[in-house]
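> Got a structure here, written out as structure tokens. Questions coming.
The values are calculated or read from the model by the stated rules, or taken from the named source; none is laboratory data. Nothing here was measured: the structure is a model prediction, and the numbers come from that model. Heads up, the Cβs are rebuilt from the backbone with ideal geometry, glycines too, and the neighbour counts pull from every protein chain shown.
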Amino acid sequence: MTQLPAAQNAQIKSSDSGKALYGGKGTRRITVRDIAAAKERGEKWPMLTAYDAMTASVFDEAGIPVMLVGDSAGNCHLGYETTVPVTLDEMTMLSAAVVRGTSRALIVGDLPFGSYQEGPVQALRSATRLVKEAGVQAVKLEGGERSHEQIRLLVESGIPVMAHIGLTPQSVNAMGYRVQGRGEEAAQQLLRDAKAVQDAGAFAVVLELVPAELAAEVTRVLHIPTVGIGAGPETDAQVLVWTDMLGLTGGRVPKFVKQYANLREVMGNAVKAFADEVVGGTFPQEENSVH
Ligand SMILES: Nc1nc(=O)c2c([nH]1)NC[C@@H]1CN(c3ccc(C(=O)N[C@@H](CCC(=O)O)C(=O)O)cc3)CN21
Ligand SMILES: CC(C)C(=O)C(=O)O
Ligand SMILES: [Mg+2]
């Protein structure tokens, strides 16, 4: 079994608690208690996905307080079509890398499809692997009322859980990628799902592809923070898939994405410059050689 990184063992120093999640000067890892305190202060916070140590270290140095090792690694890192084929072994390896690359962010590991649907005991066995072998501080799983027993056992066992309702991509074969919570009946179901995960002990809940007005209402009603993705501006936190927001994802991205850079173009141009110089004989130069 992999050893936990030293940063994991660092005891909580109360001296830097109570500071802003983003822009604070704390050096220890963010905890779920810090997340709860941010909701009480009405503070908004950013979350990004991460799938490898080097990228995660960039986000950690930029001050991103919470990172999700998303099963979106399936389509954004591992070359699958969807998140459905991703295995717990894969999530464990990627989560361990992200933990090793960071020292301040709270790392949430996504439980992949098939690793918790059998019931609470399977969920606890899977979550325990992510906590013990990868060193994550929390796990995420999809589903509201349907997953409340899983959430409850994990929380009772000492594993913080981030819930995920609205569009739940692991159910793509049943529900497609469609806006959730449109219409009175669907809105009532989403509210019941939100309350169910809070009652089960989740420390936060992702709202994916939900009408902005409904996400705002859920955010007002709950005492745990909401993390929106395609859910409008009123949620407590916002999450985006990192390859989408930095313009690395090839092909179509969801319309709620804002692209803050175009890494695909930057990397493509740099690679072509290298290739042209190799073919043209202008790389390497004297300063790139040893004697
Ligand atoms: N690259 C990437 N970005 C994501 O945000 C993401 C993933 N992958 N994989 C896992 C899930 C799947 N997600 C998705 C996938 C598709 C849509 C999508 O096609 N949305 C339509 C709107 C559909 C509608 O209006 O009903 C869109 O055009 O944005 C949205 C979220 C979000 N997650
Ligand atoms: C889109 C986020 C919330 C996610 O679950 C993932 O990246 O896997
Ligand atoms: Mg996911």
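> Could you tell me which numbered condition Ala186 fails, if it satisfies all but one of (1) closer than 21 Å to Gln117 by Cβ; (2) small (Gly, Ala, Ser); (3) modelled with pLDDT of 95 or more?
(1)
> Quick one: in region 215-239, of everything that is in a loop (DSSP other than H, G, I, E, B) and among the β-branched types (Val, Ile, Thr), which residue is nearest to Val257 (Cα to Cα)? Steps first, answer last, please.
In the first step, residues of region 215-239 are kept if they are in a loop (DSSP other than H, G, I, E, B); the result is 222-225, 230-236.
Pick out the ones that are also among the β-branched types (Val, Ile, Thr) and you get 224, 235.
Working: Ile224: 24, Thr235: 16 Å.
Of everything passing the filter in region 215-239, Thr235 is nearest to Val257 (Cα to Cα).
> If you take just the helices (runs of 4 or more DSSP H) that sit entirely in region 27-108, which of them hold at least 1 residues that are of a type in the set (D, E, K, R) and away from ligand 3 (no atom under 16 Å from the Cβ)? I'd like the intermediate steps shown before the answer.
Values: elements: 32-41, 53-62, 73-76, 88-100.
Once the helices (runs of 4 or more DSSP H) in region 27-108 are filtered for at least 1 residues that are of a type in the set (D, E, K, R) and away from ligand 3 (no atom under 16 Å from the Cβ), what remains is 32-41, 53-62, 88-100.
> With the condition kept exactly as written, say whether any residue in region 156-170 is in a helix (DSSP H, G or I), over 20 Å from the mean Cα position of the chain (by Cα) and within 16 Å of ligand 3 (Cβ to nearest atom). Even if it seems obvious, please write down each step before you answer.
Initially, region 156-170 is screened for residues in a helix (DSSP H, G or I), giving 156, 169-170.
With over 20 Å from the mean Cα position of the chain (by Cα) added as a condition, the list becomes 156.
So of that shortlist, the ones also within 16 Å of ligand 3 (Cβ to nearest atom) come out as none.
Checked region 156-170: no residue is in a helix (DSSP H, G or I), over 20 Å from the mean Cα position of the chain (by Cα) and within 16 Å of ligand 3 (Cβ to nearest atom).
> I've got another one for you. Sort out which residues of region 162-217 are small (Gly, Ala, Ser), within 12 Å of ligand 1 (Cβ to nearest atom) and closer than 14 Å to Gly232 by Cβ, and write them in order of number. Let's see the steps before the verdict.
Filtering region 162-217 for residues small (Gly, Ala, Ser) gives 163, 166, 171, 174, 176, 181, 183, 186-187, 194, 196, 200-202, 204, 212, 215-216.
So of that shortlist, the ones also within 12 Å of ligand 1 (Cβ to nearest atom) come out as 166, 171, 176, 181.
Residues satisfying the conditions are Gly166, Gly181.
> Considering every residue within region 117-135, establish whether at least one is touching a strand residue (DSSP E or B) at 6+ places or on another chain (Cβ under 6 Å), of a type outside the set (D, E, K, R), more than 24 Å from Thr31 (Cα to Cα) and in the same structural domain as Pro225 (by TED's automatic domain parsing).
no
> Are any residues in region 249-281 among the β-branched types (Val, Ile, Thr) and surrounded by 10 or more Cβ atoms within 10 Å (Cβ to Cβ), and if so, which ones? So that I can check it myself, show each step before the final result.
First pass over region 249-281, keeping only residues among the β-branched types (Val, Ile, Thr): 249, 253, 257, 266, 271, 278-279.
Hits for region 249-281 are Thr249, Val253, Val257, Val266, Val271, Val278.
> Go through (1) of a type outside the set (Phe, Trp, Tyr); (2) assigned to a helix (DSSP H, G or I); (3) buried (at least 18 other Cβ atoms within 10 Å of the Cβ) one by one and return the number of the condition Thr128 breaks.
(3)
> Quick one: in region 43-75, which of the residues that are of a type in the set (S, T, N, Q) and within 11 Å of ligand 1 (Cβ to nearest atom) is nearest to Gly26 (Cα to Cα)?
The selected residue is Thr49.
> Give the residues of region 190-204 that are closer than 11 Å to Pro160 by Cα and surrounded by 24 or more Cβ atoms within 10 Å (Cβ to Cβ), sorted by residue number.
Across region 190-204, the qualifying residues are Ala202, Ala204.
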